[in-house]
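A quick write-up on the structure given underneath.
Where a number appears in this text, it was derived from the coordinates with a stated rule and is not lab data. Because the structure is a prediction, the values reported are computed rather than measured. Cβ: placed from backbone, ideal geometry, glycine included. Neighbour counts: every protein chain shown.
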Amino acid sequence: MPNAVFAGSFDPPTTGHLDVIESALSIFDTLYVVVAHNPEKEGLFSIDERIEMLNAMNTFGERMQVFTWEGLVTDFARERHCTVLVRGLRNASELPYESTMAYMNRRLDPGIRTVFFLYDAKHVDISSSLVRDLVAYKRLPDDIVPQAAAKVLKRILKERGHPLL
């Protein structure tokens, strides 16, 4: 099978992201997980911290490779000879935005297709923005951030003097 790209902010990575990664790796040989840099957004975690969290939760070895990228995801995919972009859908309300992005990516590179994975139902209420909100209120339920990533997240917050729990 071809290699694929899963790009996002991952600020921070969630169990929903891990669900998509596991689903993609059940089909594709290698998944490039790309922490996209969006200059219009200031994240709670730095790019390096997000990469550290993603690497911590990588139980797939070389099949999951984590990168950062400051350009168009189609350019990253083309450089790595990937023909598939992976996206996760929590619910139907995300489809209009995600399909628009998929059509634009196809316009930018007709050789690249987007494959959508539906989140497992137990993850549909989880998003990175929700995790950031909960962290602001000093809460982090055990089942919304993968355990290895949560360990790194808590360490980072402790280093910042943030009393998470």
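Under 20 Å of direct C-alpha separation, and excluding same-chain neighbours fewer than eight residues apart, LYS151 reaches these lysines: LYS138. For the pair the stretch 4-75 and the stretch 104-142, the centres of their Cα atoms are 11 angstrom apart. In this structure the amide hydrogen of VAL33, modeled in the peptide plane, comes within under 5 Å of the amide hydrogens of PHE6, GLN65, VAL66, PHE67, none closer than 5 places in sequence on its chain.
The C-alpha atoms of the chain define a longest principal axis, and helix 47-56 lies at about 90 degrees to it.
About its Cα centre, the chain has a charge dipole of approximately 180 debye under the convention of +1 per Lys or Arg Cβ and -1 per Asp or Glu Cβ, with nothing else charged. Between ASN55 and ALA92, residue separation times 0.36 nm minus the direct Cα-Cα distance comes to 10.3 nm.
Our coupling estimate for the stretch 113-119, obtained by passing each phi through the Karplus curve with A = 6.51, B = -1.76, C = 1.60 and θ = phi - 60°, is 10, 10, 10, 9, 10, 7, 4 Hz, Gly and Pro reported as x. Our coupling estimate for the stretch 83-95, obtained by passing each phi through the Karplus curve with A = 6.51, B = -1.76, C = 1.60 and θ = phi - 60°, is 10, 10, 9, 9, 9, x, 10, 7, 7, 5, 5, 7, 4 Hz, Gly and Pro reported as x. Remark on VAL145: its backbone amide H falls under 5 Å from those of THR15, a criterion applied only to residues 5 or more positions apart or on other chains, H modelled at 1.01 Å from N. Between the listed residues ASN58, ILE21, TYR103, the Cα displaced farthest toward the positive end of the dipole of the stretch 19-108, a dipole computed from Cβ unit charges relative to the Cα centre, is found at TYR103.
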